[in-house]
Every structure is written in C-alpha cells, then in structure tokens.
Amino acid sequence: MPETIDSDLVILGGGPGGYAAAFLAADKGMKVTLIDAGPKPGGTCLYVGCIPSKALLHAAKLVTDARDAKHAGIHFGEPRIDLDAVRGWENKVVEGLGKNLLELCKRRKVEYVSARGSFVDGNTLELSDGSRRRFRHCIVATGSVPIIPPPLRLESPRVMDSTGALKLEDVPARLLVVGGGYIGLELGYVYAALGSKVTVVELTDGLLPGVDRELVTPLFKRLSGMFDKIYLKTKVAKLEEAGKGIKAVLEGEEVEEKEPTFDRVLVAVGRRPASKGFGLENTKVELDEKGFIKVDAQRRTTEPAIYAIGDVAGEPMLAHKASHEGKVAVEAIAGDRGAAFDFRAIPAVVFTDPEIAWCGLTEGEAKRAGREVKTARFPWGASGRAATLGRTEGLTKLIVDPESDVVLGVGIVGTDAGELIGEAVLAVEMGATARDLSLTIHPHPTLTETVGEAAESLHGLATHLYRPRK
Ligand code: FAD
Ligand code: NAD
C-alpha cells in the first residue's frame, strides 16, 4: 500500500497561481503541500513564460535602442551578439528567482514536492513518487499548454513552440512565426532584433485580435519596419521538411511567395487549459466546452473540497490573474465568506516595443454592449517626456462614463506602457473620475503626465493640447 499523508491544503501546480496561494495559506497558519512536476516552484511563468521572455525582450531592446540612438546623435556599430552569454544571462535570471521561491517555501514551512499528481477521488491525490495525499482542501493550478493545430504538427527540431523558442538555440536566418498574438509578437520581436528575418502569419485581419486597433497601429508600424513580412488573413495550410529548412504552404490574398522555406518555425496560436490527464474525471469537477475548470466567484469547483485558479480556470491567461485568484481561493478556504474574484480591471501588457497595455472596459467592448462612453486621447506627440525619448508615437486613451465621469478603462501604447498602466488600474479599481486623474499632480517630465492630460482633455483643458473654443 502506498504511504498516505494528510494535509489541510494541497496545491497542485506551482506556478504564480499555486505558489501565491501556498504562501498566503501558510501565512494564515495552514499546513500546506505544494506539488509541481518541476524541481522548483515557478511554473510556466518563471521557467518557460513571462520571465525568460522578458529577459530576452530586455536584451532585444538594448539592441534596438542602440540602433535608435542615432536620433540623438549617438552612433553604435552593429552589435556583436554572444548567444551563449545571452542564454546564460536569461538562465541566471530564471534560476535566481526559482531559488528564491524554494527558499520562501522553506521559510514558510510549505512542503514542496516535486512530482506529478493525479486525482484518485475528490479527497485524494496519488503522486508519481508512489505516495498518496489525503487533503481537506485542494487547489488545482495546473496552468495551460500550447495549442498545436494538426496542419502545424510536424516532428522536427526546427518547429518550435514558445518553450523551444525561449531556448534560443540559434538565431535562424529566416523565422516563420505562426500567430500574431502575444507570444508571436514578443518572441518575433526578440528574434528580429537579434538578426532573424521574421515573417508573421496571422489568421485574422489584424495583429493582437481583440485589442483596440488605435493602440495596435503604432506597434504595427514599428514591427512592419522590423519584420520581413506580416501577412494578415493568412493560413499556414501545411508545414513540411525541405532539406535544411521547413517549407510552409501559405494561403492568403496578400501572400507573395506561396511556399517559402524557413530555417525555423515558431507556432504561437494560443494555449489551452491543462485540465486533462491527471484524474479530474475521478472527481465531481466539471469542465466547460473549452476545457476550463468550472468555478464560482470563490474559485470553488463542482467538487466541494476542490478549488481551481489560474490558466486552468479561465481566461485571461495571465500570471497576475492567477495569483489574485489563488489568494481569493485561500481566503475562501480560510472561511472568509466575502472572498470573491471580483475585479473591475485585470491589466494586460504586450511587452513589445512600443508596449501596449490596457485595463478595464475597451471602446470596442462598450460599442458591442451598446454602452455610451466618452473617450479622451492624449497623443504622445504633445508629451515633453516622449519628445526627450524620441518616442512620440504613443497614445494614452481613457474610456469614461459620460454621466458620472468615472474612468471605466484605459489603453496605452508607447514605450513603458506596461509600467504606466499601474496608475490606470488603480484608478479603475477605485472608481476614480477623470477629474480625479486631472487633479492628480504628475511629475514632469514623465510619461505619467499623459494620463493626467488625457483626463484634462475630457474637460477641454489639457495644457499641451490646443482645442479652439466652441
Ligand atoms: P502555470 O504557471 O502554467 O503553472 C502550472 C504548473 O503546474 C506547471 O509548473 C506544471 O508543470 C504544473 N502541473 C501541471 N499539471 C501537473 C500535475 N498533474 N502534477 C504536478 N504538476 C503539474 N503572463 C503574464 O501575465 N505576463 C507575461 O509577460 C507573460 N508572458 C508569457 C510568455 C510566454 C512565452 C508564455 C507561454 C506565457 C506567458 N504568460 C504571461 C502567461 C503566464 O505564464 C500564465 O498565465 C501563468 O503562468 C499561469 O499561471 P498558473 O499558476 O495558472 O499556471
Ligand atoms: P494569443 O491568443 O495571444 O494569440 C494567438 C494568435 O494566433 C491570435 O492572433 C490568433 O488569431 C492567431 N491564430 C490562431 N490560429 C492561427 C492559425 N492557425 N494560423 C495563424 N494564426 C492563428 O496566443 P499566444 O500568443 O499563443 O499566447 C497564449 C497566451 O499566453 C496569451 O493569450 C496570453 O494569455 C499569454 N501570454 C501573455 C503574455 C503577456 O502577458 N505579455 C505574453 C505571452 C503569452
């Protein structure tokens, strides 16, 4: 008989959802076991997602910033890229953070178990080390995995998902990126900056479908200069080995060469919840039609002892959403009846250059819902700080309730938009009005002024925007 250990709370999956939940539960005095297939906590986000991709994006931006420095009269030569050292630096960042998380487990007395877990029933997990865990409560935080549609399935080391692309084995001369979403654009940007000729193929009629077109336009312009080709409304019908490359059969009106060959292919057409293959069918947990675990506001599943958070529990598939849900689930388990995943704004950031960041209601969502809104725009051409950075292509946009003046949503495109969105998230979450933002003194010269001035412009008074009196 396998050994059976009892725990208050077992968390399956050690990503940003799972470890945030484990740490809060331990801080609240629960006996916590965190189980993950990997040797250390961190999950997709730390090892093959957010962190390595942002480390590489930083390296890429150093290259593009050096190229752009000529606008300020500074000329650098072509960069010499030591790929082993870039990879080494990426790994060092990741390893350091992983070590910290393991240390935080130890200090908080969270038992970390490196094993795969599978449900035997609604109160028991069996681990790949042969042991069993009986739990009072369990939080499932197993994340998501890449989708590889049948025409793009080719067993070849040249065809990669994001995990393969982050290994940065080489800088392929010609890289095909299938999917113009978050991963395609972020990693396409990295490889283009490092020297690849990048072709992006996107199925829909625009990059980053669902994101405000006004925000995407400046990014599209810059990427059009960096990438070799961007094909919209185009399908990759087939991938096949062709000598030392991969031939892609492209179907789309804009396509010039129908069967180009690439040195590598990155498939980034979305992710699906990791909800199969670990015994959920032995419990009362139910999945929706997309495979996400069905949860209520407290993140409780249809099996009373089991909660679910993060990518496996629904969109958006973002690390900060996973962590927040993890904390809600722990509060609920600890007995807080008021705990609920109740938010006005989950921020999203695309970490290209320029970055795109948004939160709360978008103009498109308002239109689709037939909701009347006022919009305010502050083009960065009028920002002193943007001028000093040589980056005036940005835009800050507010979506405001016309009656109450409450800020419902904010969208920003421009350098460092991901940092700027913090103020906007707080404004939306706190129910701030546009007048609150305009009365807030923003430091000069900073890009934060674009938020204040966008708000001022709603009332016709933005200092750096002239509007003739009506
Ligand atoms: P995950 O981080 O996916 O962790 C789940 C863990 O569970 C994994 O370690 C997995 O091995 C483990 N697991 C699964 N099944 C079992 C089992 N049966 N037994 C044991 N362990 C199991 N989000 C952002 O917010 N910002 C970003 O910049 C960003 N960049 C990204 C870049 C890339 C390339 C990718 C792929 C994703 C990115 N994301 C980003 C998304 C982010 O990584 C996810 O939203 C986040 O990791 C979800 O966290 P999670 O806790 O739900 O699951
Ligand atoms: P995505 O949903 O962001 O983008 C997928 C893109 O592929 C879409 O534009 C879609 O229209 C397109 N597409 C779908 N099928 C296609 C096909 N057959 N051919 C061509 N294009 C096709 O998905 P992703 O880029 O794989 O990223 C997955 C998820 O990971 C994201 O949705 C996001 O939640 C998360 N992520 C977040 C960040 C971040 O926060 N900065 C970064 C990377 C990933």
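The values are calculated or read from the model by the stated rules, or taken from the named source; none is laboratory data. Being a predicted model, the structure only gives us computed values, none of them experimental. Neighbour counts run over all protein chains shown; Cβ positions are idealised from the backbone, glycine included.
For region 194-245, residues that are within 16 Å of ligand 1 (Cβ to nearest atom), in contact (Cβ under 8 Å) with a residue 40 or more places away in the chain and touching a helix residue (DSSP H, G or I) at 6+ places or on another chain (Cβ under 6 Å) total 1. So which of Val48, Val94 is over 16 Å from Asp353 (Cα atoms) and touching a residue at least 60 places away in the same chain (Cβ under 8 Å)? None of the other options fit; the residue is Val48.
Being within 26 Å of the chain's Cα centre (by Cα) and hydroxyl-bearing (Ser, Thr, Tyr): is that true of Thr124 here? So Thr124 does not fit the description; no. Taking region 163-189 as the range and being within 12 Å of ligand 2 (Cβ to nearest atom), assigned to a helix (DSSP H, G or I) and within 22 Å of Leu83 (Cβ to Cβ) as the test, the residues that pass are Thr163, Ala165, Leu166, Ile183, Gly184, Leu185, Glu186, Leu187, Gly188, Tyr189.
Considered as a group, the residues in region 305-337 that are within 7 Å of ligand 1 (Cβ to nearest atom) and outside any helix (DSSP H, G or I) include one that is farthest from Ile293 (Cα to Cα), and that residue is Leu318.
One residue alone among Gly77, Gly96 is under 20 Å from Ala192 (Cβ atoms) and not hydrophobic (A, V, I, L, M, F, W, C), and that residue is Gly77.
Within this structure, Ala357 fails the test of being of a type in the set (A, V, I, L, M), within 16 Å of ligand 2 (Cβ to nearest atom), part of a loop (DSSP other than H, G, I, E, B) and buried (at least 20 other Cβ atoms within 10 Å of the Cβ). Filtering region 312-328 to residues that are under 23 Å from Gly277 (Cα atoms) and away from ligand 2 (no atom under 16 Å from the Cβ) leaves only Gly326. Any residue in region 397-408 that is at pLDDT 95 or above, crowded, with 19+ Cβ neighbours inside 10 Å and within 30 Å of Val190 (Cβ to Cβ)? Yes, some residue in region 397-408 is at pLDDT 95 or above, crowded, with 19+ Cβ neighbours inside 10 Å and within 30 Å of Val190 (Cβ to Cβ). Among the residues making up region 353-380, a single one is of a type in the set (Val, Ile, Thr) and either outside the structural domain of Gly418 (by TED's automatic domain parsing) or touching a Lys or Arg at 6+ places or on another chain (Cβ under 8 Å) (or both): Thr375. For region 440-460: of the residues being hydrophobic (A, V, I, L, M, F, W, C) and in contact with an Asp or Glu (Cβ under 9 Å, 6 or more places away or on another chain), which is surrounded by the most Cβ atoms within 10 Å (Cβ to Cβ)? Among them, the one singled out is Ala455. No other residue among Ala37, Ala22, Ala55 is within 13 Å of ligand 1 (Cβ to nearest atom) and in contact with a Cys (Cβ under 9 Å, 6 or more places away or on another chain) apart from Ala22.
Within region 256-278, residues that are at positive phi and part of a loop (DSSP other than H, G, I, E, B) reach partners that are among the hydrophobic types (A, V, I, L, M, F, W, C) and modelled with pLDDT of 95 or more with beta carbons closer than 7 Å, at six or more positions or on different chains, in the pairs Gly270/Ile147.
Within region 428-445, the set of residues being closer than 14 Å to Thr396 by Cα and either touching a residue at least 24 places away in the same chain (Cβ under 8 Å) or not polar (S, T, N, Q) (or both) comprises Ala434, Leu437. The set of residues from region 291-336 being on the phi > 0 side of the Ramachandran plot, surrounded by 24 or more Cβ atoms within 10 Å (Cβ to Cβ) and touching a Phe, Trp or Tyr at 6+ places or on another chain (Cβ under 6 Å) comprises just one member, Arg299. For region 60-67, the criterion of being away from ligand 2 (no atom under 16 Å from the Cβ) and touching a residue at least 60 places away in the same chain (Cβ under 8 Å) is met by at least one residue.
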